[in-house]
Amino acid sequence: MELVETVIEDARWEAFGLATLAERAGRATLDRLDLPVEGFSIGLMGCDDARIAVLNADFRGKPAPTNVLSWPSDERGAEFVGEAPQRPDPGPAEDPESLGDIAIAFETCAREAEEQGKPMLDHVTHLIVHGVLHLLGYDHIEEEDAAVMEALEVQILASLGVSDPY
């Protein structure tokens, strides 16, 4: 059974292989946190800048495109700054617990990868790992929380053969 249910709204993501990449990145993230992949599900939408700008305006009051957005299914944030968030309880394999949804925009990801001199595959892998960590309650608002989240991202990406994005 797949962990990530991918919906493609922009055909460029289909050609890019987003569904396979998302599954791989999502599994690596849960594996690193010792969470059972078969107990969870994630929704991912591969869209364009126009669609993500509407979502960003609707949900964050920012009417502009962004690279990735996430909507956790539950509040899982850490109780104290610098600590790991509460671990979610998995559902049964036949009815996995939804961690939430992620949207990712093609043009912004492509532009950022080019500006940063990174392969787009590596950049998108990083953004999916980042989004999954947000679904799990990690954030980067406070410096201590950002350090925890970034350290996990670096470890997960290394397990996928992606160099440190920071």
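Every number here is computed from the coordinates shown, using simple stated rules; none is lab data. These figures come from a predicted structure and were not determined experimentally. As a convention, Cβ positions derive from the backbone with ideal geometry for all residues, glycine included, and neighbour counts pool all protein chains shown.
Between Ile141 and Glu107, take the C-beta separation as r, use R0 = 30 Å, and let me know the FRET efficiency to the nearest 0.05.
Numbers: r = 26 Å, r/R0 = 0.88.
Taking R0 as 30 Å, the efficiency between Ile141 and Glu107 is 0.70.
Need one word for segment 115-156: rounded, prolate or oblate. Basis is the Cα gyration tensor (sqrt eigenvalues a ≥ b ≥ c); a/c below 1.5 gives rounded, then a/b vs b/c decides.
Numbers: a/c = 2.27, a/b = 1.71, b/c = 1.32.
Taking the square roots of the gyration eigenvalues as a ≥ b ≥ c, segment 115-156 is prolate.
Ranked by Cβ crowding within 10 angstrom, fewest neighbours first, how are Met45, Met1, Met120 ordered? Before the final figure, lay out the partial values.
On the way: Met45 21, Met1 8, Met120 15.
In order of increasing Cβ crowding within 10 Å: Met1, Met120, Met45.
In debye to the nearest 20, how big a dipole does segment 9-59 give about its Cα centre with +1 on each Lys and Arg Cβ and -1 on each Asp and Glu Cβ?
The dipole magnitude comes to about 140 debye.
Under a Cβ-only charge scheme (Lys and Arg +1, Asp and Glu -1), can you give me the dipole magnitude of segment 53-102 about the Cα centre, in debye to the nearest 20?
Computed charge dipole of segment 53-102: roughly 420 debye.
As a footprinting exposure proxy, order Thr29, Thr108, Thr125, Thr66 by other Cβ within 10 Å, with the fewest listed first.
On the way: Thr29 29, Thr108 19, Thr125 22, Thr66 16.
Ordered from fewest to most neighbouring Cβ atoms within 10 Å, Thr29, Thr108, Thr125, Thr66 come out as Thr66, Thr108, Thr125, Thr29.
Grab the eigenvalues of the alpha-carbon gyration tensor for segment 71-114, scale each by 5, take roots, and send me the semi-axes largest first in whole angstrom.
Semi-axis lengths for segment 71-114 are 28, 19, 8 Å.
Relative to the Cα centre, what is the charge dipole magnitude of the chain, using +1 at the beta carbon of each Lys and Arg, -1 at the beta carbon of each Asp and Glu, and rounding to the nearest 20 debye? Before the final figure, lay out each step's value.
Numbers: 11 positive and 34 negative charges, 83 e Å.
That gives a dipole near 400 debye.
Can you sort His130, His140 by how many other beta carbons sit within 10 Å, fewest first? Can you show the working numbers first?
Values: His130 24, His140 16.
In order of increasing Cβ crowding within 10 Å: His140, His130.
Could you tell me how far the Cα centroid of segment 54-128 sits from the Cα centroid of segment 1-38, in Å?
Centre-to-centre (Cα) distance: 12 Å.
Under the rule of -39500 (n - 2.57) per DSSP H run of 4 or more residues, summed and divided by the residues of the chain, what mean residue ellipticity at 222 nm is obtained, to the nearest 500 deg cm²/dmol?
Details: 6 runs with 77 residues, N = 166.
Only helices count here, giving -14500 deg cm²/dmol.
Give the percent of DSSP beta bridges with both residues in the chain that are antiparallel, rounded to the nearest 5. Present the calculation step by step, with values, prior to reporting the outcome.
Working: 5 of 18 bridges.
Counting DSSP beta bridges with both partners in the chain, the antiparallel share is about 30 percent.
Normalise the Debye intensity by I(0) for segment 4-159, one equal point scatterer per Cα, no solvent, then take log10 at q = 0.12, 0.14, 0.20 Å⁻¹ and round to two decimals.
Normalising to I(0) and taking log10 leaves -0.49, -0.68, -1.39.
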